[in-house]
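J.: Let me give you the structure first, and then I'll get to my questions.
The values are calculated or read from the model by the stated rules, or taken from the named source; none is laboratory data. Given the structure is predicted, the values throughout are model-derived calculations rather than measurements. Reconstructed Cβ throughout: ideal geometry from the backbone, glycine too, with neighbour counts over all protein chains shown. These accessible areas exclude ligands, DNA and RNA; they are computed on the full protein's heavy atoms, side chains included. Shrake-Rupley method; radii C 1.70, N 1.55, O 1.52, S 1.80 Å.
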Amino acid sequence: MKTLFGELADGTKVSSWSLENGGTRLKVLDYGGIVQSLEIPDRHGRYANVSLGFDTVEDYVAGSPYFGALIGRYGNRLAKGRFTLDGESHQLPVNDGENSLHGGTDGFDRRVWDVEPFTDGRDAGLRLRLTSADGEMGYPGTLAVRVTYTLTGDGDWRIDYEATTDKPTVVNLTSHVYWNLAGEGSGSVHDHELQIAASRYLPVDAGLIPTGESADVTGTPFDFREAKAVGRDLRVAHEQLLYCKGVDHNYVLDKGRTDRPEHVATLRDPASGRTLRITTTEPGLQFYSGNFLDGTLVGSGGRVYRQGDALCLETQHFPDSPNQPSFPSTVLRPGQTYRTTTVHTFGR
Ligand code: GLA
């Protein structure tokens, strides 16, 4: 079902699409492909919206830290907003100190997507389409992007990303949902239990750009191979935690890039019983512990969001890959199709 959500300053209408299938309820905006709300039941069948967001377009435009948004063309940071491809150098607008973050000042999170609903057997979903012009935000090539949000008959939320280009370019698409399985606005997620199937992560410099090395998680606060409380080690005096005010790092997933989605992370709220299991084809996962939420934003439920009130698990290729020869490539060439899939399975 489609309803009017609001209007942008130039009069463009923003619509909200509501879907329900297999016990999961999803509200998606055509603006930014934003998941404005995602409701799932707890062990007693009580629903809560487990995704941080706003209830007006104005709030999203004024200063959303990418709540629920689709991220492109390039998820996470590119050092100094620069990269060289086939001998040609490209300068992007910088929007995070001297670096480019999440596609630049006007990324896919701020574009209005074409949205079409579909049903297919037991599945129900939305097809979102966007064309990004050659040179948009400094990136070469016309990029045709298609993202499919599917709610399966079992209530899983699946995201299929596809893109093609007419010139060599770089692409790294992801989704920036902020999870709080106790319900948005209910407080900190530090008691949630998190498990990540990764033995290595990418240390960063003070500007949060990967140094190029990967580090063993053993004996560090970054070890989530066995499920542990999110907040357990966040106050350990580790230099990498100081740089980011918490965890804001790419995990090098043990499984690597795979043709089929494989399990990489499980998040569980012991109090409500709600769980989220993530499978993906991607080789990386950005675990961001909501460090920059600072008590200045009022969320969709009318409550203030503070540091640690949610966390993000962004499946992706590694940050800054175009400048890091040892990282898996994010180059897309004409004739190739970029294809990745991430599935969110909910339990209680
Ligand atoms: C990503 C980045 C973080 C932060 C958030 C948005 O997760 O890695 O550093 O920019 O997005 O606030």
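J.: Dipole magnitude of the range 47-134 about its Cα centre, charges +1 at Lys/Arg Cβ and -1 at Asp/Glu Cβ only, in debye to the nearest 20?
T.: The calculated dipole for the range 47-134 is roughly 200 debye.
J.: Return the carbon/sulfur percentage of the accessible area of the chain, one whole number, probe 1.4 Å, all protein chains in place.
T.: 46
J.: Choose one of LEU85, GLY295, GLY103: the residue whose Cα lies farthest towards the positive end of the charge dipole of the chain (beta-carbon charges +1 Lys, Arg; -1 Asp, Glu; about the Cα centre).
T.: Ranked along the dipole, the leading option is GLY295.
J.: Just order 184-195, 228-239, 295-306 by mean Cβ neighbour count inside 10 Å, highest at the front, would you?
T.: Descending mean neighbour count gives 184-195, 295-306, 228-239.
J.: Which value, in Å², gives the accessible area per residue of the chain when a 1.4 Å probe is used on the protein heavy atoms?
T.: Averaged over the residues of the chain, the accessible area is 40 Å².
J.: On full extension of the chain, what length is gained from THR131 through ALA206, given 0.36 nm per residue of separation minus the C-alpha to C-alpha distance?
T.: Extra length from THR131 to ALA206 when fully extended: 23.6 nm.
J.: Is the shape of the chain rounded, prolate or oblate, going by the alpha carbon gyration tensor and its root eigenvalues a ≥ b ≥ c, with a/c under 1.5 for rounded and a/b larger than b/c for prolate?
T.: rounded
J.: Once you have the Cα-Cα distance between ASP191 and GLU39, take 0.36 nm times their residue separation minus that, and quote the gain in nm to one decimal.
T.: 52.7 nm
J.: Among ASN49, ASN180, ASN291, whose mean-square fluctuation peaks in a Gaussian network model of the chain (Cα, cutoff 10 Å)?
T.: ASN291
J.: Alpha carbon centre of the range 203-280 versus the range 1-72: separation in Å?
T.: 26
J.: Distance in nm between label sites at GLU162 and TYR47, each 7 Å beyond Cα in the beta-carbon direction?
T.: Placing both labels 7 Å along Cα→Cβ, they lie 3.1 nm apart.
J.: Sticking with this one: Which residue, PRO283, MET137, ASN172, has the largest displacement toward the positive end of the dipole of the chain when charges sit on each Cβ (Lys, Arg +1; Asp, Glu -1)?
T.: Ranked along the dipole, the leading option is PRO283.
J.: Magnitude of the Cβ-charge dipole of the range 2-347, K/R +1 and D/E -1, about the Cα centre, nearest 20 debye?
T.: My answer is approximately 480 debye.
J.: Let's test the formula: R0 of 30 Å, r as the Cβ-Cβ distance of ASP55 and THR218. What FRET efficiency results, to the nearest 0.05?
T.: Calculated value: 0.10.
J.: Please sort by residue number the GluC sites (Glu not before Pro) in the range 93-182 whose DSSP state is loop and whose Cβ has at most 15 other Cβ atoms within 10 Å.
T.: Passing sites in the range 93-182 are GLU98.
J.: Right, something else. Describe numerically, in nm with one decimal, the distance between label points set 7 Å from Cα along Cα→Cβ at ALA9 and at GLN91.
T.: 2.5
J.: Among 13-23, 148-158, how do they line up from the highest to the lowest mean number of other beta-carbon atoms within 10 Å?
T.: By packing density, highest mean first, the sequence is 148-158, 13-23.
J.: For the range 114-215, restrict the atom set to alpha-carbon positions and state the Rg and Dmax in Å.
T.: Final numbers for Rg and Dmax: 18.4, 49 Å.
J.: Still on this model: Need one number: nm distance between label points at THR296 and ARG232, each 7 Å from Cα along Cα→Cβ, rounded to one decimal.
T.: 3.4
J.: A further question on this structure: Just to be sure I understand: with springs between alpha-carbon atoms less than 10 Å apart, which residue in ALA198, ALA62, ALA48 has the highest mean-square fluctuation in the Gaussian network model of the chain?
T.: Per the Cα network of the chain with a 10 Å cutoff, ALA62 tops the list.
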